[in-house]
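Trainee: Input: one structure, supplied below.
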Amino acid sequence: MMDTTQPLYIRYEQPSDGEQIRNVNEAAFGCSDEAELIDRLREEKVILLSLVAEVDGQIVGHILFSRMLIETTQGPVPAVSLAPMAVLPDHQGHQVGSQLVRRGLAELRERGERVVIVLGHEEYYPRFGFSPEKARYLDSPFPPDAFMALELSDGALAGVHGTVRYPAAFGL
Ligand SMILES: CC(C)(COP(=O)(O)OP(=O)(O)OC[C@H]1O[C@@H](n2cnc3c(N)ncnc32)[C@H](O)[C@@H]1OP(=O)(O)O)[C@@H](O)C(=O)NCCC(=O)NCCS
């Protein structure tokens with residue numbers, strides 16, 4: 001079980017973290033689909049931000065943000081895809097995921113990013129400000145309740161109607 005006396009550090013991924021990140025994703029999802037998605041996103045060079053959560057030198061959580069677009073009749077609107085995110089099973093439920101999301105969103109906001117999009121658990125992501133309502137004018141192949149958007153800047157999605165274009169790595 002998790003040792004809650006050890007501090008949690010959130011930091012940028014380093015080149016030597018690749019294997020631990022793969023392990024965290026495989027353990028959290030119970031398969032290698034997400035680890036392989038990460039490999040393809042690396043190859044496609046669309047990753048904007050990759051953060052790891054570390055406890056006592058061990059990576060226990062990971063979050064990835066990559067570039068995506070919303071295609072509109074006025075042209076493409078840049079957005080950020082949050083996917084995947086994973087926390088080791090023994091460390092789940094201790095705010096590791098929440099800290100990764102919050103740190104990631106803060107960093108993206110500082111960089112001037114305006115929109116983040118996630119496909120995920122509808123009970124989890126609204127606590128960070130994501131909502132299906134914000135994504136209602138974005139066409140996607142996903143179920144509307146699980147497809148959510150967040151504005152990092154007020155009004156970033158006002159009047160934005162279009163179709164989401166994910167990196168090819170997602171195979172959509
Ligand atoms: C989802 C995940 C990243 C959350 O990380 P975490 O560190 O456990 O999350 P936190 O401790 O910050 O938050 C815990 C909350 O997440 C909720 N949660 C965790 N997994 C969930 C799931 N599969 N579906 C819905 N809610 C979930 C918990 O119920 C808890 O809610 P509460 O605060 O209302 O009790 C982690 O559970 C995980 O890796 N799951 C497996 C992989 C996965 O589903 N990734 C996300 C794909 S969208």
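Trainee: Within the set of pairs 6+ apart or on separate chains, which have a first residue in region 37-50 that is more than 15 Å from ILE21 (Cβ to Cβ), a second that is assigned to a strand (DSSP E or B) and not small (Gly, Ala, Ser), and C-beta atoms under 7 Å apart?
Mentor: Listed pairs, sorted by first residue: VAL46/ARG67; LEU48/PHE65; LEU48/ARG67; LEU48/VAL80.
Trainee: Looking only at residues in region 133-148 that are assigned to a loop (DSSP other than H, G, I, E, B) and more than 14 Å from the ligand (Cβ to nearest atom), which one is surrounded by the fewest Cβ atoms within 10 Å (Cβ to Cβ)?
Mentor: The qualifying residue surrounded by the fewest Cβ atoms within 10 Å (Cβ to Cβ) is PRO141.
Trainee: So in region 117-132, with the set limited to residues that are within 13 Å of the chain's Cα centre (by Cα) and outside any loop (DSSP other than H, G, I, E, B), which one is farthest from the ligand (Cβ to nearest atom)? Steps first, please.
Mentor: In the first step, residues of region 117-132 are kept if they are within 13 Å of the chain's Cα centre (by Cα); the result is 117-121, 124-125, 128, 130.
From what is left, the residues that are outside any loop (DSSP other than H, G, I, E, B) are 117-119, 125, 128.
On the way: ILE117: 12, VAL118: 7, LEU119: 7, TYR125: 8, PHE128: 10 Å.
Selected residue: ILE117.
Trainee: Testing HIS94 on (1) closer than 13 Å to PHE65 by Cβ; (2) outside any helix (DSSP H, G or I), one condition comes back false. Which one is that?
Mentor: With respect to (1) closer than 13 Å to PHE65 by Cβ; (2) outside any helix (DSSP H, G or I), HIS94 is out only on (1).
Trainee: Could you tell me how many of the residues in region 78-91 are in a helix (DSSP H, G or I) and out of contact with any helix residue (DSSP H, G or I) (no Cβ under 7 Å at 6 or more places or on another chain)? Before you say what the answer is, go through the steps one by one.
Mentor: First pass over region 78-91, keeping only residues in a helix (DSSP H, G or I): 89-91.
Filter again for out of contact with any helix residue (DSSP H, G or I) (no Cβ under 7 Å at 6 or more places or on another chain), leaving 90-91.
Summing the residues that are in a helix (DSSP H, G or I) and out of contact with any helix residue (DSSP H, G or I) (no Cβ under 7 Å at 6 or more places or on another chain) in region 78-91 gives 2.
Trainee: Of all residues in region 83-116, which are within 12 Å of the ligand (Cβ to nearest atom) and β-branched (Val, Ile, Thr)?
Mentor: VAL87, VAL96, VAL101
Trainee: Tell me, yes or no, whether region 67-77 has at least one residue that is outside any helix (DSSP H, G or I), under 19 Å from LEU41 (Cα atoms), under 14 Å from the mean Cα position of the chain (by Cα) and modelled with pLDDT of 95 or more.
Mentor: yes
Trainee: Identify, by number, the condition in (1) of a type outside the set (Lys, Arg); (2) over 16 Å from ARG165 (Cβ atoms); (3) out of contact with any strand residue (DSSP E or B) (no Cβ under 6 Å at 6 or more places or on another chain) that THR73 doesn't meet.
Mentor: (2)
Trainee: If VAL80 meets every condition in (1) in contact with a Phe, Trp or Tyr (Cβ under 9 Å, 6 or more places away or on another chain); (2) within 11 Å of the ligand (Cβ to nearest atom) apart from one, which number is that one?
Mentor: Failed condition: (2).
Trainee: Please work out which residue is nearest to ASP154 (Cα to Cα), limiting yourself to region 84-113 and to residues that are surrounded by fewer than 20 Cβ atoms within 10 Å (Cβ to Cβ) and among the charged types (D, E, K, R).
Mentor: So, considering only residues that are surrounded by fewer than 20 Cβ atoms within 10 Å (Cβ to Cβ) and among the charged types (D, E, K, R), the one nearest to ASP154 (Cα to Cα) is ARG109.
The values are calculated or read from the model by the stated rules, or taken from the named source; none is laboratory data. Everything numeric in this text was worked out from a predicted model, so none of it was measured. Every residue, glycine as well, gets a Cβ built from its backbone with ideal geometry; the counts of neighbours run over all protein chains shown.
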